[in-house]
Amino acid sequence: MTHRTAVRLGIGTFALYTFVVHWPGVLPFSGPRPLVLGLPLNFFWVVLWIVLGLLVLLLMESTRRREDG
Amino acid sequence: MEAWQIVTGVVGVYLAAALAVGLLAGRRVTHGVAGYVAADRQFGLLSMYFVVGGTVFSAFAFLGGPGWAYSRGVAALYILSYGVLGILPWYFLGPRAAALGRSHGYVTQAQLVTGRFPSRLLSVLFALLTIAAFVPYIMLQMSGAGIVFNAVTAGYVPFWLGAALAYGVVVIYVLFGGVSAVGWTNVFQGVVMMAAAWILGIYIPNLLYGGVGPMFERIMAERPELLTLPGLDAAGQPWSWGAYSSTLLSSAIGLAIWPHLFMKAFTARSDATIRRTVVLFPTFQLFLVPLLLVGFAGVLFHTAPPSADFILPHMILETGMPALVVGLFCAGALAASMSTGDALLHGAASIAIEDGIAPFVRIEERRRRFLMQLLVLSIGGLAYWLAVIEQRSLVWLLVSAYGIIDQLAPPVYAAIYWKRATTRGVLAGLIGGSVVSIFFFLNPALRPWDIHEGILGLIVNVALLVNVSRLDRRRAAAGWTPVESSAHATVEPVS
């Protein structure tokens, strides 16, 4: 994957991230059930997006480093 | 030996170590402004990572966050959500600001903005707004230190003395070491606070409920209203979606713009350092998870703390933890408070001189550094006095500061990304946005849909910036003016 594609993917992911943690995007995940890994659904949802954010940032950085040599 | 004496001992060792690290680090940079404010642009990945993490995670993370989880339930999730969203712009903005800083000698945010939009009024407005936001934020850090000391020593160390001890250490190393001391103490403090958070966050729910899952099962059965978004408001009534979403958005927009954090772009050794710091930042964000768990663990606990901000120390003391663990928590919370407070104090003093005074009066390099040190003392003193006489909830203080900081975002983005923006447009937006933000802060009942005053200010700010710039016949030159004093433009080699 090129760095350009990775950055686009990153910006897309973060746009989606912005939507799904605010109203109304967060509504389907605003309740506590079911518990996922011991956490209420809304709590897990927020943590999941932190991890997704981390992964896409790692991808952006690794493609940039490869292209910069 | 009594438990509180052991705790005080552990904290004493921590404070001494922080002081030593700070003083040693300060000896490594040059004596000019570039050394004091921008550490000669020599921060590597390790120091940048902890500086950014330590600066963003303050006493609020250790006390206010669990306090929210305890009293307002999942409303606290907004704190988890905004951090990663808010740091992303720095991946693009940070290296750009750093490059401009290197080529034009900028060491503060306002210098960068006025480099593009030359205006002394703009510079002074930036300085005033920044300091207006910093003072409550520094107070918050000091209150945090006072609360921790007071709670874990069973009242033997009063609030005023705890805050004075922790901030005495901070003021000394900031005075003598500048931003370099801030950086290296933050590395040390970051390690201490992360270790403390994870140990406590896993241990306490296990001890009380046999695990995180069983804990939430019980809360769901007994206090279900706490676990449904958007949680509760300060009065214990259901919070509104307008307030939850706009508080989150306002915090996310403000995060990368906070001047003490933004200025750290000028301290980085390379652009790659800044980008990697952003990439690793979510790992810092995750350490809020165990802290919120401790707050939730307090919900069904049989005794209540004196106020929600005390929930974490309360849980630690009431669950009969070994004194050494209590000491570790105490050091972690102090580290969180101090690693933000030092950057704020240093930032406030640098900004007051560089942006508030230097555009009007020519001050020579050595004198400038001396004046900054004088200001570190006076701003620290003012915040301390306010923190001790006026004790407000930690979160209230933080939320009020974000409304102001948001207004600095349009000028910064316009300077870097919008060629057609003009000085008048930026000024009109900044003034209009700030007035609106302050108005709604003072009259919260008038906010439409409960929307955060920072966002309401931003709407006006951006509208004015765009329209006034379009109508302005005096097109701003798209170029950048370097900072006048030659001392800024050249970075001397590290001695």
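The values are calculated or read from the model by the stated rules, or taken from the named source; none is laboratory data. This structure is a prediction, so every number in the text was calculated from the model and none was measured. Here the Cβ is made from the backbone with ideal geometry for all residues, glycine too, and neighbour counts use every protein chain on show.
Tally time: how many residues in the stretch A:1-32 are facing chain B (nearest Cβ under 7 Å) and of a type in the set (A, V, I, L, M, F, W, C)?
Of all residues in the stretch A:1-32, those facing chain B (nearest Cβ under 7 Å) come to A:14, A:17-18, A:21-23, A:26, A:30-32.
Those left that are additionally of a type in the set (A, V, I, L, M, F, W, C): A:14, A:21, A:23, A:26.
Matching residues across the stretch A:1-32 total 4.
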Does residue B:135 fit the bill of being out of contact with any His (no Cβ under 9 Å at 6 or more places or on another chain), in a loop (DSSP other than H, G, I, E, B) and surrounded by fewer than 24 Cβ atoms within 10 Å (Cβ to Cβ)?
no
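Condition check: small (Gly, Ala, Ser) and assigned to a helix (DSSP H, G or I). Does residue A:10 satisfy that? Lay out the reasoning, then the answer.
Details: small (Gly, Ala, Ser): yes; assigned to a helix (DSSP H, G or I): yes.
Considered against the rule, which asks whether it is small (Gly, Ala, Ser) and assigned to a helix (DSSP H, G or I), residue A:10 comes out as yes.
For (1) in a helix (DSSP H, G or I); (2) more than 7 Å from every other protein chain (Cβ to nearest Cβ); (3) free of Cβ contacts under 8 Å to residues at least 12 places away in the same chain; (4) over 27 Å from residue B:246 (Cβ atoms), each residue gets a yes or a no:
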| residue | (1), (2), (3), (4) |
| --- | --- |
| A:34 | no, yes, yes, yes |
| A:48 | yes, yes, yes, no |
| A:57 | yes, no, no, no |
| A:60 | yes, yes, no, yes |
| A:66 | yes, yes, no, yes |
From the list B:114, B:153, which residue is away from chain A (no Cβ under 14 Å), modelled with pLDDT of 85 or more and more than 23 Å from the chain's Cα centre (by Cα)?
B:114
With the requirement that a residue be surrounded by fewer than 23 Cβ atoms within 10 Å (Cβ to Cβ) and touching a Lys or Arg at 6+ places or on another chain (Cβ under 7 Å), what does the stretch B:425-455 give you?
B:440
Before we move on, is residue B:56 closer than 17 Å to residue B:169 by Cα, in contact (Cβ under 8 Å) with a residue 60 or more places away in the chain and among the β-branched types (Val, Ile, Thr)?
no
Listed by range, helices (runs of 4 or more DSSP H) wholly within the stretch B:183-302 having at least 1 residues that are at the interface with chain A (Cβ under 10 Å from one of its Cβ atoms) and surrounded by 22 or more Cβ atoms within 10 Å (Cβ to Cβ) are B:212-222, B:241-255, B:271-285, B:288-297
Tell me yes or no: at least one residue of the stretch B:158-179 is crowded, with 24+ Cβ neighbours inside 10 Å, within 25 Å of residue B:361 (Cβ to Cβ) and not small (Gly, Ala, Ser).
yes
Given the conditions (1) over 28 Å from residue B:257 (Cβ atoms); (2) in contact (Cβ under 8 Å) with a residue 12 or more places away in the chain, which single one is not true for residue B:12?
(2)
Would you mind telling me which numbered condition in (1) away from chain A (no Cβ under 14 Å); (2) under 30 Å from residue B:128 (Cβ atoms); (3) buried (at least 24 other Cβ atoms within 10 Å of the Cβ) residue B:40 fails?
(3)
The stretch B:47-87: number of residues that are in contact with a helix residue (DSSP H, G or I) (Cβ under 6 Å, 6 or more places away or on another chain) and away from every other protein chain (no Cβ under 11 Å):
23
